[in-house]
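Worksheet for the structure shown next.
Every number in this text was worked out from the coordinates using simple rules, so none of it is lab data. Predicted model only: the values in this text are computed from it and were never measured. Quick reminder, even Gly has a Cβ in these numbers, built from the backbone with ideal geometry, and neighbours come from all protein chains shown.
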């Protein structure tokens, strides 16, 4: 075998390895697109306000990644957790989480009570969870926000006495708040619609929504990245073919 054939074989092996890597990245992006499309579809089906589920369902480990519209009542503790780096309409702020002990449940449920913007000084809002017994709540039971790459403490006490968390680590938050009952694997995202007679958490001043993907890529963006990765894989193969079959100039 000639030296040129050996060189060509080596370059083709390298090209195939690189193209395969790009193709695998594209397949991963497509899989994430399908996962998020399934999440959005499941959440859409769960928004059946005419048939609310009991809050007890929040503690079911088999439905830890599912979505259910739920109503109930319980005791709200005097504890407020602010989740940092939460985006809404291009602005960065924090989300307020409260702790609810449901009347029909055995585990505490963390409740997403709304979003607040942060100013340039990053001063946390002065708002706090409306503690009290017999508080009625309604909203979407959903998996907690994705934690991403975990590094550093899950939450920290601020000089003002408030709790700030870079990610929502439910077991760590339960330990910090001394919740001996344990914590449900899902959170309750309060109904954005405020109605006459709403009180307590339902009347809280935070901006509420049921956006399932507020701080992560949409399925459309995953599809766009997948097309880019597959395009790079094809480009590598085309370049390798052109370099292989081009005619030598005299």
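Provide the gained length on full extension for the span residue 228 to residue 51, in nm with one decimal, where the gain is 0.36 nm per separating residue minus the Cα-Cα distance.
59.4 nm
If you average the sequence gap of Cα pairs under 8 Å that are 6 or more apart and divide by the length of the chain, what percent do you get for the contact order?
After rounding, I find 26 percent.
Taking the C-alpha atoms only, the angle from helix 219-245 to the longest principal axis of the chain is near 10 degrees.
Packing around the peptides 124-135, 72-83, taken as the average count of other Cβ atoms within 10 Å per residue, puts them in this order, highest first: 72-83, 124-135. Reducing segment 180-250 and segment 1-42 to their Cα centroids gives an inter-centroid distance of 21 Å.
Between helix 3-46 and the chain, what is the angle of the helix's C-alpha long axis to the longest principal axis, kept within 0 to 90° and rounded to the nearest 10? Approximately 20 degrees, to the nearest 10.
Available extension along the chain between residue 156 and residue 5 is 48.1 nm, counting 0.36 nm per residue and deducting the alpha carbon span.
Three principal axis extents of the chain based on alpha-carbon atoms, in descending order, are 89, 44, 33 Å.
Only helices enter the 222 nm calculation for the chain: every DSSP H run of n ≥ 4 contributes -39,500 (n - 2.57), and dividing by all residues gives -11000 deg cm²/dmol, rounded to 500. With a Förster radius of 45 Å applied to the C-beta separation of residue 126 and residue 60, the computed FRET efficiency comes to 0.80. Once the C-beta distance of residue 14 and residue 35 is scaled by a Förster radius of 41 Å, the resulting FRET efficiency is 0.80 to the nearest 0.05. Across segment 75-160, the relative contact order, built from alpha-carbon pairs under 8 Å that are at least six residues apart, equals 28 percent.
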